[in-house]
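Inspection log for the structure reproduced underneath, given as structure tokens.
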Amino acid sequence: MRIVTLAAIVLLWAPAALAGSEVPPKGAPWQRDLAEAQREALRRDLPIFLYFTKTY
């Protein structure tokens with residue numbers, strides 16, 4: 001019974017232990033100049049994602 005329990009624990013934990021080993025893909029190329037981002041998006045036929053923040 002202990003061997004079955006140990007095997008079940010190993011089988012349940014193995015995918016979780018291996019899941020974080022891959023390097024995440026590179027994110028979107030952020031630009032700080034809106035006009036330049038618009039020109040590049042039009043040139044490459046890509047959408048524009050805007051990120052607004054407000055600091056106090």
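The numbers here are math on the coordinates, done by the rules we state, and not lab data. Just so it is clear, the structure is predicted and the values come from calculations on it, not from any experiment. Cβ sites come from the backbone with ideal geometry, for glycine too, and all protein chains shown count toward neighbours.
Match the structure shown to one of the listed values (1) 32, 26, 4; (2) 49, 15, 8; (3) 34, 10, 6 of semi-axes √(5λ) of the Cα gyration tensor in Å, computed from it, and give that label. Identified label for the calculated read-out: (2). Between the Cα long axis of helix 2-19 and the first principal axis of the chain there is an angle of about 10°, rounded to the nearest 10. Within the chain, the GluC sites (Glu not before Pro) that combine a DSSP coil assignment with at most 16 other C-beta atoms in a 10 angstrom radius are Glu22.
With the simple spin-label model, which puts each label point 7 Å out from Cα in the Cβ direction, the Leu18 to Asp33 separation comes to 4.7 nm. The C-alpha atoms of the chain define a longest principal axis, and helix 34-44 lies at about 70 degrees to it. Mean residue ellipticity at 222 nm, helices only, the chain: -17000 deg cm²/dmol; runs of at least 4 DSSP H residues each add -39,500 (n - 2.57), and the sum is divided by the number of residues. Exposure here means at most 10 other Cβ atoms within 10 Å; with trypsin sites (Lys or Arg not before Pro) in a DSSP loop as sites, the longest stretch of the chain lacking them is 1-25.
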